[in-house]
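Working notes, structure below.
The values are calculated or read from the model by the stated rules, or taken from the named source; none is laboratory data. Note that this is a predicted model, so its numbers are computed, not measured. So basically every Cβ, Gly included, is an ideal-geometry build from the backbone, and we count neighbours across all protein chains shown. Side chains are part of the model used for accessible areas, which takes the heavy atoms of the whole protein and leaves out ligands, DNA and RNA. Shrake-Rupley method; radii C 1.70, N 1.55, O 1.52, S 1.80 Å.
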Amino acid sequence: MPSGTVARADVRERPTIKDVAERAGVSIATVSRALNDKGDVSLETRERVRDVARSVGYSADRAARSLATQKTRLIAVVVGDNAGHRDLSLVFFGKVLAAISRRLAQSSYDPSLLQPHDIGLEHRFDAAVLIGVDGDDALIADLASRQVPLVGVDVRCADGRAVYVGSDHGDGVRLALAHLHALGHRRIAHVAGAANTVAGSERLHAFRQEAEALGLDVSGELVRQGDFSSASGYRETCSLLALAERPTAIVAASDLMALAALQAIRDAGLQPGQDLAVVGFDDLEAAALAHPPLTTIRQDRQELGTLAATRAIELIEDPDVTPAATVLPVELVVRGSSA
């Protein structure tokens, strides 16, 4: 190579937003609005722009876009352990987290999975979805002071611009009690979940209220405090079986506790579903595989996650509006444990 000349690498130039606009036959502004899910672009145009962007390999430069909009396109998904067992949160919320991730991807946002104690001032995100965190946790006040929009999944945030998303825990317990009452059960126990959680406290309150309405015994010996874990379910079921007059049915505040109850009943030489009925709450995948299969209250975990992500996006993209709280319906799934 002659001296003084510079080799020119044969590198394909990165496609630009202008390239996408020209090929799609729209303005650059329309491309930007379409790729950022703005509401003033028709569905047909939005899809055409996205198809062209994919075909030419265009992707917006996140750093440049962040500088221009002061947005990171990141949403923190904070999973705590306010029930005392972080693994329990992940067992139930695994499907919720997957749904959150899918919904965010549809609108070009990315989730950042964090634990509460991991969050510092160096972390930047446009909103946060909170799971397994107490409503009065200092983290919520900290994020609110930073003006971070919040979505609580079964978390009622005491501070900041926040939206609640959850299931109808009270109605689930009412469905369980109505089912058992119709089967003739009159001595029904409750193994409660962690009292500091929305799910645990609302399910316990509903049990007491509905049991009284049905004229059932709600004495202290029949209401046992668990914490959603298998260990507490087994322990409290053993205590119930040791009573001079044991219950004929148990409503557990989680499937993990209910599944452990089935084992405790078997270990006592009794037949679950025959000598003692058991109803759980959540409809985990293991519920249908239990022996006998577990009657339970099904929560729509996929819809919980999808809705949480949607609410986070809405809070980010429309700062003047805070959506109303949403409580999703639940359903009773009857199986062999309450035959």
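In summary, Ser101 fulfils each of the numbered conditions (1) modelled with pLDDT of 80 or more; (2) touching a Pro at 6+ places or on another chain (Cβ under 8 Å); (3) among the hydroxyl-bearing types (Ser, Thr, Tyr); (4) part of a loop (DSSP other than H, G, I, E, B) with the single exception of condition (4).
The residues in segment 227-245 that are open to solvent by 50 Å² or more (accessible area, probe 1.4 Å) and without any contact (Cβ under 8 Å) to a residue 40 or more places away in the chain can be counted, and the count is 7.
Would you check if Leu259 is hydrophobic (A, V, I, L, M, F, W, C), closer than 20 Å to His179 by Cβ and in contact with a helix residue (DSSP H, G or I) (Cβ under 9 Å, 6 or more places away or on another chain)? It would help to see each step written out before you state the result.
Values: hydrophobic (A, V, I, L, M, F, W, C): yes; closer than 20 Å to His179 by Cβ: yes; in contact with a helix residue (DSSP H, G or I) (Cβ under 9 Å, 6 or more places away or on another chain): yes.
Considered against the rule, which asks whether it is hydrophobic (A, V, I, L, M, F, W, C), closer than 20 Å to His179 by Cβ and in contact with a helix residue (DSSP H, G or I) (Cβ under 9 Å, 6 or more places away or on another chain), Leu259 comes out as yes.
Set side by side, the residues Leu289, Leu307 differ, and just one is out of contact with any strand residue (DSSP E or B) (no Cβ under 9 Å at 6 or more places or on another chain) and of a type in the set (A, V, I, L, M, F, W, C), which is Leu289.
Taken over segment 163-174, the criterion of being assigned to a helix (DSSP H, G or I) and either buried (at least 19 other Cβ atoms within 10 Å of the Cβ) or in contact with a helix residue (DSSP H, G or I) (Cβ under 6 Å, 6 or more places away or on another chain) (or both) is satisfied by His169, Gly170, Gly172, Val173, Arg174. Ala258 fulfils the conditions (1) at pLDDT 95 or above; (2) open to solvent by 10 Å² or more (accessible area, probe 1.4 Å) except for a single criterion, (2).
Of all residues being outside any strand (DSSP E or B) and hydroxyl-bearing (Ser, Thr, Tyr) in segment 325-339, which is nearest to Arg174 (Cα to Cα)? Just the residue, please. Walk me through how you get there before you give the answer.
Filtering segment 325-339 for residues outside any strand (DSSP E or B) gives 325, 329-330, 334-339.
Okay, now just the ones that are also hydroxyl-bearing (Ser, Thr, Tyr), so 337-338.
Working: Ser337: 18, Ser338: 15 Å.
Here the residue is Ser338.
Listed by first and then second residue, the pairs with beta-carbon distance under 7 Å, at least 6 apart or on different chains, first residue in segment 263-276 and buried (at least 16 other Cβ atoms within 10 Å of the Cβ), second of a type in the set (S, T, N, Q) and assigned to a loop (DSSP other than H, G, I, E, B), are Leu276/Thr248. The lone criterion from (1) open to solvent by 10 Å² or more (accessible area, probe 1.4 Å); (2) without any contact (Cβ under 8 Å) to a residue 60 or more places away in the chain; (3) out of contact with any Lys or Arg (no Cβ under 9 Å at 6 or more places or on another chain) left unmet by Leu97 is number (2). With a requirement of 3 or more residues that are within 21 Å of Ile313 (Cβ to Cβ), at pLDDT 90 or above and in contact with a helix residue (DSSP H, G or I) (Cβ under 7 Å, 6 or more places away or on another chain), the strands (runs of 3 or more DSSP E) lying completely within segment 109-162 that satisfy it span 127-131, 150-153.
Taking the criterion of being assigned to a helix (DSSP H, G or I), within 23 Å of Val77 (Cβ to Cβ) and of a type in the set (A, V, I, L, M, F, W, C), the residues of segment 284-324 that qualify are Leu304, Leu307, Ala308, Ala309, Ala312, Ile313, Leu315, Ile316.
Taking only segment 135-154 into account, find how many residues are open to solvent by 40 Å² or more (accessible area, probe 1.4 Å) and either within 19 Å of the chain's Cα centre (by Cα) or closer than 22 Å to Gly166 by Cα (or both). Show your work before the answer.
Narrowing segment 135-154 to residues open to solvent by 40 Å² or more (accessible area, probe 1.4 Å): 136-138, 141-142, 145-147.
Imposing the further condition that a residue be either within 19 Å of the chain's Cα centre (by Cα) or closer than 22 Å to Gly166 by Cα (or both) reduces the set to 136-138, 141.
Residues meeting the conditions: 4.
All conditions but one from (1) modelled with pLDDT of 90 or more; (2) out of contact with any strand residue (DSSP E or B) (no Cβ under 7 Å at 6 or more places or on another chain); (3) more than 27 Å from Thr248 (Cβ to Cβ) apply to Gly166; the one that does not is (2). Checking segment 310-319 against the condition returns a match, with at least one residue being of a type in the set (Lys, Arg) and either open to solvent by 20 Å² or more (accessible area, probe 1.4 Å) or in contact with a Gly (Cβ under 7 Å, 6 or more places away or on another chain) (or both).
Taking (1) surrounded by fewer than 19 Cβ atoms within 10 Å (Cβ to Cβ); (2) out of contact with any Asp or Glu (no Cβ under 9 Å at 6 or more places or on another chain) in turn, Ala128 satisfies each apart from (1).
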